[in-house]
Amino acid sequence: MNNLRIAWQNVLRNRRRSLVTILITAVGTAAVLVAGGFALYTYEALRDAAARDFGHLTLAHKDYFSRDEDTPLQYGLADHAKLMAALEKENRIRRVLPRLAFSGLISNGDKSMIYVGQGVDVRGELAARGVFLKLVEGVLFGNNDEGSPRVLLGRDLAKSLSAKPGSSLTLLSTTTVDGLNAIDVEVAGIVSTGVPEVDKRLVYAALSTAQHLLVTDKVSTLAVYLDDTELTAPMLEEMQRTHPGNAVQPWWEQAFYYESVRGLYNRIFGLLGIIITALVFFSVGNTLAMAVVERTREIGTLRALGVLPAEIVAQFVREGALIGGAGTLIGMLLAGLTTLALLLLDVQMPPPPGRSEGYPLMVNASPTLYAIATLVIILLCAVAAWLVSRKASQKPIVEALGHV
Amino acid sequence: MSASVQPPVIELTGITKHYRMGDTDVPALRGIDIAIPVGAFVAVKGPSGSGKSTLLNICGLLDNFDQGRYRLGGEDVSNLDETARTLIRRRRIGFVFQSYNLVPVMTVRENVEYPLLLADVPAAERRMRVDAMLEQVGLAQMSERRPDHLSGGQRQRVAIARALVKSPTLVIADEPTANLDTVTANQVVALMRELGASHGATFLIATHDERMTSRCDEVRTMTDGVLQ
């Protein structure tokens, strides 16, 4: 005689009631898995975006991250070529990209605006990051960009300056030698980052153009791209050891929003998970409490035959776990189908606050999440069964046998 | 050991039992003394509320008493804890109830097998004993049926098989024929006598039924908690 088979037959005694409870458990499980999968997808997407934008690690002058510069590139890297050569020998490093941060005024002759610029190794950036900007107009970075005084403008900055691809503008900035310098540039393209506040100030220039403007050979930082994001922590330790004269920061220290979003989502989805599991808990508890009352006389009979109270409770716990198991099985199926449907249908989420573009609604099917959610829900169902059957199992046998 | 020196299966001495009903103390048993020898088929009759069921519940270790001493097969079971009492019921006492009290999700075979499973009897022996028991109660052909597909008489036969399959020393039967028609009741009484004798079980039966009392070795009358 199989205890589980008997437990399942007990579950099926009141089919409609059990079915409703199993469906509630299934929907709860699916909701937890889909919500959790969405959070995981978001964390992964943010992590990848941050690592792509900043580089997995950023190497800079030892004071670069901790002190404000009095003059441009006061804490820049003068020996960046040597550092790059040394870093590129490490086989876990995929690419090292020099970056130069600068700012100043940009003018079309009639109107001047403040800009925040970045000088980059054009081909290197494209190779490491792929197409990392949304091109609105013109060309992103065509051939022969290196060295040519061409720039990319953020969409809102271009709009303010009435600039189009081919327009001539003047960049003005403080140089590293206590003076001002201005150069004429041509607009190659207009781009969008999806964040209007950034697009209002954004200028991308070739590294040589930026260095020419600032009259320097230095760069601000070296962005280090690794073969795998998972290597970030060990490589951080390694680089801090091998470059004691420099500062090294991982991507998560630069991407402040990653931790903010993660903290927010953990709270939101954590609360959602608690509410859903509580609903499942009370639903299963209610169903089994009714079953316990209905079977009080049977409990008395079993006790008379010599079944211990703990064995009575174990039987109800098996029934609770079976309801939980069936519910989570169906729930996993529902969550899997939802994940697949979202993958195929390309549903877009509305833009988050402060952004101008939406993002795809995707859900990660994480085996760890599925395993944990399933175990927690089955465990809760078993605990609910334990709670409702414990008292009945202790009821005086004569009283239980006389139950009508 | 010969039967003449065997201790009584049930030996009650000065058993009293009271129930509290609100502020009132209601005596259910007033100093019961009884000794039932091995293999006896004893009925206790009396009007409703006379204390028959209370006496049977105490003898079956289903309920406690206030004062007195109870020896079951020579062993003093007066002060055992609930676990010890459960384990004695599991191995040595069978029950037949008025409403059969079969487990509805189990088949006839599973209902009869259940006490052996509780007693940790090996599977092969279980199968053999259940087959033999079902044969004896005439339900071998219905072994895979569920209780709700049986008549009242058939259900009571399953209950008798369940009570006797573990070869208990004592079978407690509370109004076992009350829900049966005359023909079926006679069959059930005959079956209980026959199987009781073949399994060496002692029967203690609470009943109003003359069909039952006329076939018992001894009939005692209970009145207001006193056994005549």
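The values are calculated or read from the model by the stated rules, or taken from the named source; none is laboratory data. This one's a predicted model, so the numbers in the text were calculated from it and none came from an experiment. Virtual Cβ from ideal backbone geometry, glycine too; neighbours counted across all protein chains shown.
What to note about this one:
- The lone criterion from (1) in contact with an Asp or Glu (Cβ under 7 Å, 6 or more places away or on another chain); (2) modelled with pLDDT of 90 or more left unmet by B:Gln141 is number (1).
- Flag for B:Asn57 being within 14 Å of another protein chain (Cβ to nearest Cβ) and either out of contact with any strand residue (DSSP E or B) (no Cβ under 6 Å at 6 or more places or on another chain) or not in a strand (DSSP E or B) (or both): yes
- Scanning region A:41-76 for residues that are part of a helix (DSSP H, G or I), over 16 Å from A:Leu100 (Cα atoms) and of a type outside the set (A, V, I, L, M) returns A:Tyr41, A:Thr42, A:Tyr43, A:Glu44, A:Arg47, A:Asp48, A:Arg52.
- Odd one out for A:Leu213, checked against (1) in contact (Cβ under 8 Å) with a residue 12 or more places away in the chain; (2) over 28 Å from A:Phe65 (Cα atoms); (3) more than 34 Å from the chain's Cα centre (by Cα): (2)
- Answer residue from region A:338-384, given it is among the β-branched types (Val, Ile, Thr), in contact (Cβ under 8 Å) with a residue 24 or more places away in the chain and in a helix (DSSP H, G or I) and is farthest from A:Phe282 (Cα to Cα) among those: A:Thr339
- Out of B:Asp224, B:Asp174, B:Asp148, B:Asp217, sole residue that is touching a residue at least 40 places away in the same chain (Cβ under 8 Å), surrounded by fewer than 15 Cβ atoms within 10 Å (Cβ to Cβ) and under 21 Å from A:Glu298 (Cα atoms): B:Asp148
- For beta carbons closer than 6 Å, sequence separation of 6+ or different chains, a first residue in region B:79-94 that is facing another protein chain (nearest Cβ under 9 Å) and farther than 20 Å from B:Arg69 by Cβ and a second that is part of a helix (DSSP H, G or I) and of a type outside the set (D, E, K, R), the qualifying pairs are B:Arg90/B:Leu118; B:Gly94/B:Ala163; B:Gly94/B:Leu164.
- Subset of region A:288-319 that is more than 15 Å from A:Ile397 (Cβ to Cβ) and touching an Asp or Glu at 6+ places or on another chain (Cβ under 9 Å) - its residue that is nearest to the other protein chains (Cβ to nearest Cβ): A:Ala291
- Lone unmet requirement of (1) at pLDDT below 90; (2) more than 14 Å from chain B (Cβ to nearest Cβ) for A:Met1: (2)
- Output for region B:101-117, where each listed residue is within 7 Å of chain A (Cβ to nearest Cβ) and over 15 Å from B:Ala161 (Cβ atoms): B:Val105
- Of the residues screened, B:Ala163 is one that is out of contact with any helix residue (DSSP H, G or I) (no Cβ under 7 Å at 6 or more places or on another chain) and buried (at least 19 other Cβ atoms within 10 Å of the Cβ).
- The residues on offer are A:Thr25, A:Thr71, and the sole one that is surrounded by 14 or more Cβ atoms within 10 Å (Cβ to Cβ) and either modelled with pLDDT under 90 or of a type in the set (S, T, N, Q) (or both) is A:Thr25.
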